[in-house]
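Below: one structure, written as structure tokens.
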Amino acid sequence: MKPLIGLTCSIGLEENYQYKETNYCEAVRGAGGIPILIPSFSEFAKDIPQLVRNLDGIIVSGGNDIYPMHYGEGPIQALGSVHRERDEVELEIVKECIKNKKPFFGICRGLQVLNVALGGDLYQDIYSQIKGKELEQHNHSKGTPPSNHSIEIKNDTFLYDIYKQKIGWVNSSHHQAIKKVAPSLEPIAWSKDGFVEAVVHKEIPSIFAVQWHPEKMYHKDHFSQQIFDYFIDLMR
Ligand SMILES: [Mn+2]
């Protein structure tokens, strides 16, 4: 039996449709899983406990910003678009994955959701909130170059086992980042300018997240493939 992998959807601008990029689905299937899209809408968070129990693993995917009230702040001017129902559904998914020790893979926004759900917080916009320090280009959106910035990977982690070296190269498409890491998460990779680029749960190693987009490089990059393989293999 192939593992069933829930994939959270993004919400269209007119807010009347839900979607997920095909490359997420291809990466899940390529690694041996069956992708199942999870929408977000009013009151749906209440059904998440049952849904999580019936899936083998969940990917909380990339997308818009998290409403900062979830970490006790009001919105600053540079905050991007937010969607209250998606926040509720995904925060509930984290809670249930922890409770049921269900494999969880956060990608980009998914890393931020994981951190906020577990008590950490975020920079709402790194480029307007961090002054006096030159930051790398984390918010690359034009074209699809194979790599945007380097990461330094911690020894003795699953990520090090994949890359087999301290330095990796990743694509990057985010303007928010982890500020305070949640107490139950361990950072395992950083960009040169000091942002946390990957985390793993300290007690549940099958719960992890990356700040970049391995799904976009799935067909081109061996390491990206291996991250998905590693995730799906947790369920075999
Ligand atoms: Mn980055």
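Taking amide H positions as modeled 1.01 Å from N, with prolines and chain starts lacking one, the residues under 5 Å from HIS149 and 5 or more places away or on another chain are VAL170. In nm², what is the average projected area of the convex hull enclosing the Cα atoms of the chain? Computing the convex hull of the Cα atoms and averaging its projections yields 12.3 nm².
Counting only Cβ charges, +1 for Lys and Arg and -1 for Asp and Glu, the dipole size of the chain around its Cα centre is about 420 debye. The residues of the chain present an accessible area of 46 Å² per residue when probed at 1.4 Å with all protein chains retained. Looking at the range 164-222, the GluC sites (Glu not before Pro) that sit in a DSSP loop and have at most 12 other Cβ atoms within 10 Å of their own Cβ are GLU203. For the range 65-170, what does the alpha-carbon gyration tensor say about shape, rounded, prolate or oblate, given a ≥ b ≥ c as the root eigenvalues, a/c under 1.5 as rounded, and a/b over b/c as prolate? It is oblate, given that a/c is not under 1.5 and a/b is not larger than b/c. Classified by the C-alpha gyration tensor, the range 101-236 has an oblate form. Its axis ratio a/c, with a ≥ b ≥ c, is 1.5 or above, and a/b does not exceed b/c. For LYS166, no residue has an amide H sitting under 5 Å from its own, ignoring neighbours fewer than 5 places away on the same chain, with H placed 1.01 Å from N. Per-residue Karplus couplings for the range 72-87, computed as 6.51 cos²θ - 1.76 cosθ + 1.60 with θ equal to phi - 60°, are listed in order as x, 10, x, x, 8, 4, 7, 5, x, 6, 10, 9, 4, 5, 5, 4 Hz, Gly and Pro entered as x. Checking every one of the GluC sites (Glu not before Pro) in the range 1-97 against DSSP loop status and a limit of 16 other Cβ atoms within 10 Å picks out GLU14, GLU15, GLU21, GLU43, GLU73. Every helix of 4 or more DSSP H residues in the chain counts as -39500 (n - 2.57), and over all residues that averages to -7500 deg cm²/dmol at 222 nm. Considering only LEU118, PRO103, ILE66, and ranking their Cα positions along the charge dipole of the chain that arises from unit charges at the beta-carbon of Lys, Arg, Asp and Glu, the one farthest toward the positive end is PRO103. Sequence-ordered 3J(HN,Hα) estimates for the range 166-182 from the Karplus curve with 6.51, -1.76 and 1.60 and θ = phi - 60° stand at 6, 10, x, 10, 9, 7, 7, 8, 8, 10, 9, 7, 5, 9, 9, 6, 4 Hz, glycine and proline given as x.
Close amide H contacts of LEU7 (hydrogens built in the peptide plane, cut-off under 5 Å, sequence separation of 5 or more or a different chain): ILE36, LEU37, ILE38, ILE59.
Atom-type composition of the exposed protein surface of the chain places 50 percent of the accessible area on carbon and sulfur (1.4 angstrom probe). Distance from the C-alpha centroid of the range 1-26 to that of the range 180-236: 19 Å, rounded to the whole angstrom.
The values are calculated or read from the model by the stated rules, or taken from the named source; none is laboratory data. Just so we're clear, the structure is a prediction, and the values are computed from it rather than from any experiment. Glycine also receives a Cβ, built like all others from the backbone with ideal geometry; neighbour counts cover every protein chain displayed. Only protein heavy atoms, including side chains, enter the accessible area calculation; ligands, DNA and RNA are left aside. Shrake-Rupley method; radii C 1.70, N 1.55, O 1.52, S 1.80 Å.
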